[in-house]
Structure formats: C-alpha cells, structure tokens
Amino acid sequence: TSVLFMTLSLFFSLTALIEPGTIAGIVSIDVLLTLIIVAVTYRCASFRHKKVENANKVYMNVRANCKKK
C-alpha cells in the first residue's frame, strides 16, 4: 500500500505542475500509439496465418495426389 500511495502522490504532484492540455496531449498520443501497435500486430498475425493456411492446403493437395496413385 505504501508503494501505491507513493505512486499516487507522485502522479498528483506532477499533474499539478503540468497543464491540462499537455496531459490531454500525452494521453491522446498514448492512445494513438497503442492503436497503431495493435493494428500492425493484427495485420502481421493475419498475414502469417494466411501463409500457414496456404501451406497446409498445398500439403493436403500433395497428400491427396499421392494417395490417388
């Protein structure tokens, strides 16, 4: 609890020194960067997932062709 109290007191003492517009700017930039990171991660993961699906399809076709012989 003392760590929480120290963190909160530090936060409130810093917010008293920083103007509200600056805090709003920092929060909005933080939200924007978070959204960019999530979007890039999602696109990379979906691209990789498609590559794995395509590789599985090729592998299954090769197996199916081998079984027909």
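We did not get these values from a lab; they are worked out from the coordinates using the rules stated. Just so it is clear, the model here is predicted, and its values are computed rather than measured.
Compute the length gained on full extension between Ile36 and Val3: take 0.36 nm times their separation in residues and subtract their Cα-Cα distance, giving the result in nm to one decimal.
Numbers: separation 33, 0.36 × 33 = 11.88 nm, distance 3.17 nm.
Difference between extended and current length: 8.7 nm.
Note that segment 10-23 has calculated 3J(HN,Hα) couplings of 5, 4, 5, 6, 6, 5, 6, 8, 9, 6, x, x, 5, 5 Hz, one per residue in order, obtained from phi through the Karplus relation 6.51 cos²θ - 1.76 cosθ + 1.60 (θ = phi - 60°); glycine and proline are x.
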